[in-house]
1. Students often check this: by mean Cβ neighbours within 10 Å, which of B:278-284, B:9-15 ranks highest, and how do the rest follow?
2. Which ³J(HN,Hα) values, rounded to whole Hz and listed in residue order, are derived for region B:340-357 from phi using the Karplus coefficients 6.51, -1.76 and 1.60 in 6.51 cos²θ - 1.76 cosθ + 1.60 with θ = phi - 60°, glycine and proline given as x?
3. How far apart, in nanometres, would the label points at B:K351 and A:L128 be if each is projected 7 angstrom from Cα along the Cα-to-Cβ direction?
4. Show me B:238-250, B:114-126 ranked by packing, highest mean number of other Cβ atoms within 10 Å first.
5. Run lengths n ≥ 4 of DSSP H only: what is the helix-derived mean residue ellipticity at 222 nm for the protein assembly as shown, with -39500 (n - 2.57) per run over all residues, to the nearest 500?
6. How many Cβ atoms of partner chains, on average, are near each residue of A:198-210 if near means within 10 Å of its Cβ?
7. Work out from phi, with θ = phi - 60° and the Karplus expression 6.51 cos²θ - 1.76 cosθ + 1.60, the ³J(HN,Hα) of each residue of region A:158-172, listed in order in whole Hz, and give x for Gly and Pro.
8. How would you rank A:181-188, B:382-389, highest first, on the average number of other Cβ atoms within 10 Å across their residues?
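Just so it is clear, none of the values below were taken in a lab; they were calculated from the coordinates. What you see is a predicted model, and the numbers here were worked out from it, not measured in a lab. Positions of Cβ are backbone-derived with ideal geometry, glycine not excepted, and every protein chain shown enters the neighbour counts.
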Amino acid sequence: MNVVHIAGRELRATFSNAVGWLVLCGFLLLTGYFWITQLDLFVTESANLVFNPYGAPTMTISVHLLGQFFGNTLVVLVMVIPALSMRLFSEEIRGRTLELLLTSPVSTLEIVLGKYLGALSFVALMLLSMSYAPLSLLAWTDSLDWGALFGGYLSWLLASAALLSLGMFVSSITTSQMVALVLSFSASLMLYVLSWSADDPDSWMVQLSLGAHVEDLVRGAVRASDLAYFGGLTAFFLFATHQRLESFRWK
Amino acid sequence: MNALTRWSWVFALVGGALLLASACVWFVTQSWEGYPTQFAIGAALALLVWVGLDRARLAELLTSRAFVYGSGAWLLVTLAGGVAVGGYSLARRHDHTWDLSKKRLYSLSDHTRAVLAPIGSDVRILGFFRSQSEAEHDFTNLMRLYQEAAPNLTVEYIDPLQSPRQAQKYDVTSDVGTIILERGETVRRVTEVKEGVLTDALVLLLSDAEHRVCWSLGHGEPEPDDEFEQTGLGAFVVQLEAANYKVTKSLIAQEGVDRGCEVLMMVRPTVDPFPYEREAIAAYVAEGGRALFLLEPFTVPDFSADLERYGLSLGPDLVVDADPRSSFMGVSDPSVVVLSGDSFGSHEITKSLAAAVVLPGARSVTPIEPPSAGLTPIALLRTSDQAWGELNPDAGDVQPDPGLEQIGRIPLAVVVEVSDPTVLHVAAPAPADGGDPLDVTANPGRAVPADYAPKGGGRVVVFGDTDLLGNAAMALGNNRDLGLNTLAWLVGETAQIGERPEEGDKLTITGLGQAVSCLVSILFVPGAAMAFAGITLVRRRFL
């Protein structure tokens with residue numbers, strides 16, 4: 001119950017702060033731009049291929065529009081999530097309100113989960129607010145691939161959950177929001193691009209890369225290993241954050 | 001001693017730096033030989049000196065409350081990391097894919113699953129792809145599904161540019177993509193990342209089967225390994241060998257047609273085969289053999305006439321197509337014909353062709369109507385209705401001559417299935433000592449096997465052009481696939497032909513629709529969030 005209470009308070013705090021709305025505005029603006037460019041590209045390319053006898057005219061909405069859109073816009077999440085997570089604990093540590101929180105009758109786990117779920121709820125609402133874009137396709141086609149759409153949203157949610165837990169951990173080890181922002185953005189970006197320089201698809205860099213684990217998810221292929229990756233990454237950083245907060249108790 | 005203790009941190013610093021250097025060099029070279037080991041030893045020595053010098057302070061630190069609790073926390077976090085990595089490794093080892101895509105992009109067919117089920121660890125698949133390429137990504141995805149269905153299957157990913165020795169070992173000369181299937185000494189190769197093709201190659205690998213193609217020589221045909229001349233077909237032969245065909249040379253005049261040939265190929269002959277060679281070919285087809293003939297315009301008139309026994313007629317012409325849609329881009333020569341869509345006959349060979357085929361100068365090949373009982377000829381390719389068979393292309397003004405020349409949708413390739421071999425009227429086998437061996441026109445049955453036993457099942461494909469599979473034009477459009485599909489159909493490997501790719505999706509959005517979409521995405525929706533930000537800011541300032 002305490003978890004829900006803290007999460008609700010966190011969500012309200014985000015919406016009562018202009019920063020939350022600005023983050024939402026930035027996300028919608030960037031993803032909106034990605035959407036119209038991807039849509040325009042698909043309309044042009046698919047029309048051109050019909051008249052091109054030398055190329056195979058197989059561009060599909062699920063792979064070449066929705067898949068590309070969800071895949072490309074992950075980089076927006078890499079930029080936006082650290083801006084959301086930077087203040088989660090660093091603000092509390094800097095303002096010395098964390099001590100109050102730790103001495104209140106709630107456990108460290110409840111604090112971590114509550115704050116995390118509050119921030120994740122905001123992210124989920126943010127992602128949901130972008131649903132007008134893929135759904136607008138129904139105005140022009142009746143062959144929308146709901147499986148691929150679900151995969152795209154699942155990839156967004158799982159990636160956001162993992163990046164948010166990473167950002168929350170970074171936020172718990174510094175008192176400066178700016179330092180938390182820079183560190184979590186760098187770490188998130190590194191995690192995202194790690195596979196770009198890998199030669200072997202089985203290499204550890206690919207296994208660790210966030211980008212590699214969403215490639216097929218955005219097209220509607222849900223793999224047990226991808227779920228384990230995102231679940232493991234999220235749980236690990238949540239646990240690390242919990243241990244970090246516990247250290248404030250014994251210190 | 002005190003001075004040393006005061007400066008002991010230098011050893012810690014050096015030790016740490018060496019440890020980092022060791023890790024960095026190992027990361028770059030992926031080997032412990034040389035510097036990584038030397039740096040690691042140096043680091044260990046420096047850290048040992050530091051521990052020896054600073055032992056009092058270290059002992060104090062190790063017994064402190066911060067260290068005891070902190071190390072416990074670190075241990076727990078490390079354990080949590082281990083659990084996360086372990087869980088992921090386990091999930092990856094026993095991976096499962098839920099395919100939610102409408103077109104089932106991530107599902108294997110039941111046939112493939114049945115083939116994969118009994119596969120043991122003795123089968124290896126090596127993918128030679130350029131790193132980070134789209135083809136490598138497709139291959140990786142397909143292999144993940146294969147490994148889900150066959151956990152013992154070993155898959156290796158190799159970049160031929162980075163591992164030239166391995167590429168050389170398996171004779172991989174392209175970095176576009178080659179898949180090697182290996183089982184003991186047997187090796188198969190595939191150049192397409194398609195489930196059907198790969199599964200078919202796996203079936204062949206497991207059954208040790210190989211398709212033998214006999215390449216006829218002795219009538220002016222190019223050598224099968226001619227990869228450099230424009231008139232050669234060496235590049236296509238490379239593709240054939242990559243698809244598990246073994247191409248061997250065949251001299252019909254001396255040896256007749258080997259019954260071990262699965263397909264007899266006669267390409268660009270410029271000299272008519274002798275009558276007894278033609279009978280040998282007919283006997284081979286009548287016994288259920290398969291033959292592919294690629295003939296150029298205005299060549300081998302006797303042989304062309306002889307092919308009428310198979311239910312088709314080759315015109316002494318050069319087909320010209322005046323339809324602008326049938327012209328090759330940038331080429332004004334109307335004898336270079338481009339065919340696509342409804343130009344393809346309804347047949348296994350053409351069903352998977354998604355793009356056009358280009359025939360740079362073809363003659364007409366027409367099924368004879370009505371066909372003889374026992375023969376089923378089908379036109380494989382047809383021109384547009386603005387084509388004609390030009391009898392005299394060297395004349396200045398090339399125009400259709402109604403009544404004299406064939407006009408309309410002219411067939412350029414024909415496939416024939418022989419169900420009754422008696423209609424081929426093969427000459428009877430001649431006695432071993434029959435006739436003068438130097439008289440090539442006498443005793444036409446001399447190359448017909450003595451134990452000649454006609455049966456149904458023969459197949460013949462005739463193209464009125466050779467250049468479509470030549471070194472210069474094979475890569476154009478779907479030419480290569482047309483050739484490979486033809487061979488696959490001839491040997492009965494229809495699984496290699498695959499299915500016609502599904503039609504792509506097309507979105508037609510009006511200018512107004514795009515403008516609205518743009519306004520909503522860029523202005524209205526983000527603008528609403530911005531407005532709420534402003535309201536929140538004002539409320540916080542004034543409340």
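1. Details: B:278-284: 26.4, B:9-15: 15.9.
Descending packing order for the listed peptides: B:278-284, B:9-15.
2. Coupling constants for region B:340-357: 7, x, 6, 6, 8, x, 7, 7, 3, 5, 9, 5, 9, 6, 9, 10, 7, 10 Hz.
3. So the label points at B:K351 and A:L128 sit 4.8 nm apart.
4. Working: B:238-250: 18.2, B:114-126: 15.8.
Peptide ranking by packing, descending: B:238-250, B:114-126.
5. When only DSSP H runs of four or more count, the value is -15000 deg cm²/dmol.
6. Details: counts 2, 10, 7, 13, 6, 2, 1, 0, 2, 4, 2, 0, 0.
Going residue by residue through A:198-210 and averaging, the value is 4.
7. For region A:158-172, the Karplus-derived couplings read 5, 5, 5, 4, 5, 5, 5, 5, 5, x, 5, 5, 4, 5, 7 Hz, x marking Gly and Pro.
8. Numbers: A:181-188: 19.8, B:382-389: 21.2.
By packing density, highest mean first, the sequence is B:382-389, A:181-188.
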